[in-house]
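Peer 1: Below you will find the structure I want to go over with you.
The values are calculated or read from the model by the stated rules, or taken from the named source; none is laboratory data. Note that the structure is predicted; figures quoted are calculated from it, not measured. Please note: Cβ atoms are built from the backbone with ideal geometry, for glycine as well, and neighbour counts cover all protein chains shown. Ligands, DNA and RNA are excluded from the accessible area calculation, which covers all protein heavy atoms including side chains. Shrake-Rupley method; radii C 1.70, N 1.55, O 1.52, S 1.80 Å.
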Amino acid sequence: MKFTIKVWRQKNRTDAGRMAEYAVDGITPDMSFLEMMDQLNEQLIKAGEEPVAFDHDCREGICGSCNMMINGQAHGPERGATTCQVHMRSFRDGDRLVVEPWRAAAFPVIRDLVVDRSAFDRVIQSGGFVGVNTGGTPDGNAVPIPKVDQDRAMDAAQCIGCGACVAACPNASAMLFLSAKVGHLGALPQGQPERKARVKTMVAAHDREGFGHCTNIGECEAACPKEISTEFIMQLNRDYITSALSAVVRG
Amino acid sequence: MSQAINPKGARKYVAGTRAADWAGDYLGSTLGNKVLVAVTGLSLAAFVIGHLAGNLKMFSGRESINAYAYFLKHDLGVLIWVARAGLLGAFATHVALTIRLKLKTRAARPIGYATQKSAQASVQSKFMLSTGLVILAFTIFHLAHYTFCVIHPVEVNGVLVDYSQLTHKGKHDVYSMVVYGFSTPWISAIYVATQVILFLHLTHGLTSSLHTLGLLGRRFTPVARLAAYGFAGLVLAGNLTIVFAVWGGWLTLPSDVTAL
Ligand code: HEM
Ligand code: FES
C-alpha cells in the first residue's frame, strides 16, 4: 500500500513548527500504524533527514504513549484502540493521512508528535492516591467489595492516561481522565477516607494545569481507547457537589 | 507598668478558612462554574415555561390576558421585584460564567488542529455561546418591544401612539399590543427566528445540565435528550402558536382599540 503522510514537524518546544508531506510505499495491510511510521523514519534516515519523533513503548495498547491525531481523530479511526493497535488495513491504499500531535496548552509539544503530558502526573499527585496502613501484609479479600463496585472501579481503572480525551475534546478538557481517576478510587472502600477532599483538590489541579471545561458532548468517550464512559464524569459531578455541600455543613 | 505578652493574639475564635474560600474553591473552579451555569440555565428554563403558560392566556380572551398582566404588575407587590431581581441575577450569572468558561477554554487550546473530526457531538452543542448571545440580544429587544414599548409606534384612530397607551376597561390592553406586534412581518420574523434558536439552545442545554448536576446516569442520556427535546419543543410550539394565530386570523385586533 502507498500513503501520503502529512505530519507535524517541530524541532523543539520553542520552534513554530509546520506540516511536512512524505510519500511512503511498500506498506502491508497488517502493519500497525507505528510500523508504518517506523518505515517512514527509515526512509527519512536513508535520505539523510531527521526521523519523525513519536512516543511509543508497549505497542500493545497498555502504556498510553503512542499518541497521534490521525485524520482529525485521536488514535485514528478504530473504536477502542490506541495508535499502536490501529492497522493500515483501516485505511485505503493511496490515502492521505494527516498526523498531528495532541493539541492543548497543558500538553506542550516537545518535538514533532511528542507532547509533555506531565500535567496528568501533577493532577494524580494532587489526590490520586489512598492512605494505607503500614505493617504486615493485609489478608487478601479482608475487605469485602461488592462485585458491581469492583467492576465499576475496574472500568475506570482501565484509563491509561494517554490524553486522547483531552485531544478529542473541543475544549481541551481533561474531565474524562480526571473522572476516571476519581471514580476508580471513589468506587472502592479503600478510597473513601479521602473521597471528599480528593475530588476538590484534583479538580483544582485540573484547572491549574490549564485544561478547559466539560460541555457534556461526549467526544472524549468516543475517542477513549479504553472506552471509558462519561458516566464517570457524572459521578465526578455528583462527588464534587456532595463535597461542596458537606464542606458547608461541616465547616 | 506590666503588659500581657500574648504572641498568639487575643482569646477569640479565629477561622481556619472563610466562607469566601469555600466559594472561591468550589464555585470558582471550572466544575463549580458549570454547576452554576446549569442551575441558572434550569431556572431560566423554568421561567420560560412559566412565561409560556402566561402567554397562552392570549387564547382565553382579551380580558383574561389583560387581567393576568395587571395581576403581575400591580397585585404581586414586592414579590414582582423579588422575581425580577432573581431572574436578572440568574441571567447575568449565566451569561457571565459561560463567557468566562469559553475564554478559559479558548486558552486551553491555543493551536488548533489542521483537521478535526467530531464523533458524536450534536451541532447545537458547538454553538451554545452563539445561540446564547442571540437569546441575549433578543431578550433586550423583547423588553424594549413589549415591556418598555419603545420599538413600534402604532396608529390608533389616526394618532400615532406607543403600546403602553393601549387601554381596555382601565387596564393596559396587552391583547391588542400582542396582535399589533405579530401583525408586523419584521417583528414576527425576529420572534420566530429566536424561538428556533432558543429551541436549539435548550435541546443541548437541558441534557447537559442534567449531566452537569449528575442527576441521571449515562444509560439515561437518551431519556434526558428526549425530555430536553420535548421541553424545548413545547416552548417552541407554544410560543409560535401565538404568532401563527395572529397571522392566520385566529387572534384579531378588537374593533374598539383605544389609546389613552
Ligand atoms: C432564556 C434564556 C436561557 C436559557 C433558558 C438557557 C439555558 C441553558 C441551559 C439549561 C444550559 C445548560 C447548562 C449546562 O450545560 O450545564 C445552558 C448553557 C449555556 N448557555 Fe444558556 N440559557 C439562556 C440564555 C443564555 C444566554 C443569554 C447566553 C449568552 C451568553 C447563554 C449561553 C450559554 C452557553 C455558552 C452555554 C453552554 C455552556 C457550556 O456548554 O459550558 N445562555 N443554557
Ligand atoms: S505504544 Fe503503548 S499504548 Fe501504544
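Peer 1: Looking for something open to solvent by 60 Å² or more (accessible area, probe 1.4 Å), away from every other protein chain (no Cβ under 13 Å) and more than 16 Å from ligand 2 (Cβ to nearest atom) - is there at least one such residue anywhere in region B:203-216?
Peer 2: No, there is no match, as no residue in region B:203-216 is open to solvent by 60 Å² or more (accessible area, probe 1.4 Å), away from every other protein chain (no Cβ under 13 Å) and more than 16 Å from ligand 2 (Cβ to nearest atom).
Peer 1: Moving to a separate point now. Taking the options A:Val143, A:Val123, A:Val166, name whichever one is hydrophobic (A, V, I, L, M, F, W, C) and modelled with pLDDT under 95.
Peer 2: Residue meeting the stated conditions: A:Val143.
Peer 1: Let me ask something else. Output the helices (runs of 4 or more DSSP H) that fall wholly within region B:1-109 and possess 1 or more residues being touching a residue at least 60 places away in the same chain (Cβ under 8 Å), or say none.
Peer 2: B:30-55, B:62-70, B:78-108
Peer 1: (1) open to solvent by less than 20 Å² (accessible area, probe 1.4 Å); (2) within 11 Å of another protein chain (Cβ to nearest Cβ); (3) within 18 Å of A:Gln73 (Cβ to Cβ); (4) not polar (S, T, N, Q): which one isn't true of A:Met175, the others all being true?
Peer 2: Condition not satisfied by A:Met175: (3).
Peer 1: Can we say B:Leu129 is away from chain A (no Cβ under 14 Å) and open to solvent by 40 Å² or more (accessible area, probe 1.4 Å)?
Peer 2: The answer is no for B:Leu129.
Peer 1: Moving on to the next point. Which one is surrounded by the most Cβ atoms within 10 Å (Cβ to Cβ) among residues in region A:28-66 that are under 18 Å from A:Arg111 (Cβ atoms) and within 8 Å of ligand 2 (Cβ to nearest atom)?
Peer 2: Residue satisfying both the conditions and the ranking: A:Cys66.
Peer 1: Still on this structure: Select, from A:Gly212, A:Gly163, the only residue that is at positive phi and open to solvent by less than 10 Å² (accessible area, probe 1.4 Å).
Peer 2: A:Gly163
Peer 1: For region B:20-31, which residues satisfy the criterion of being at the interface with another protein chain (Cβ under 7 Å from one of its Cβ atoms) and open to solvent by less than 30 Å² (accessible area, probe 1.4 Å)?
Peer 2: Hits for region B:20-31 are B:Tyr26, B:Ser29, B:Thr30, B:Leu31.
Peer 1: I want to confirm something. Restricting to region B:100-121 and keeping residues that are more than 7 Å from chain A (Cβ to nearest Cβ) and surrounded by 15 or more Cβ atoms within 10 Å (Cβ to Cβ), which single residue is farthest from A:Glu78 (Cα to Cα)?
Peer 2: Across region B:100-121, the extreme among qualifying residues is B:Arg100.
Peer 1: Assess whether A:Phe211 counts as being of a type in the set (Phe, Trp, Tyr), within 11 Å of chain B (Cβ to nearest Cβ), in contact (Cβ under 8 Å) with a residue 40 or more places away in the chain and assigned to a loop (DSSP other than H, G, I, E, B).
Peer 2: Judged against the criteria, A:Phe211 is a match.
Peer 1: Give me the residue from region A:69-98 that is within 10 Å of ligand 2 (Cβ to nearest atom) and in a loop (DSSP other than H, G, I, E, B) and, out of that set, surrounded by the most Cβ atoms within 10 Å (Cβ to Cβ).
Peer 2: A:Thr82
Peer 1: Another question, if that's okay. So A:Ile228 fits all but one of (1) open to solvent by 40 Å² or more (accessible area, probe 1.4 Å); (2) within 16 Å of ligand 2 (Cβ to nearest atom); (3) closer than 22 Å to B:Phe220 by Cβ; what number is the exception?
Peer 2: For A:Ile228, the exception is condition (1).
Peer 1: Mind listing just one residue for me: the one in region A:179-208 that is more than 7 Å from chain B (Cβ to nearest Cβ) and within 16 Å of ligand 1 (Cβ to nearest atom) and, of those, nearest to A:Ala104 (Cα to Cα)?
Peer 2: Residue satisfying both the conditions and the ranking: A:His206.
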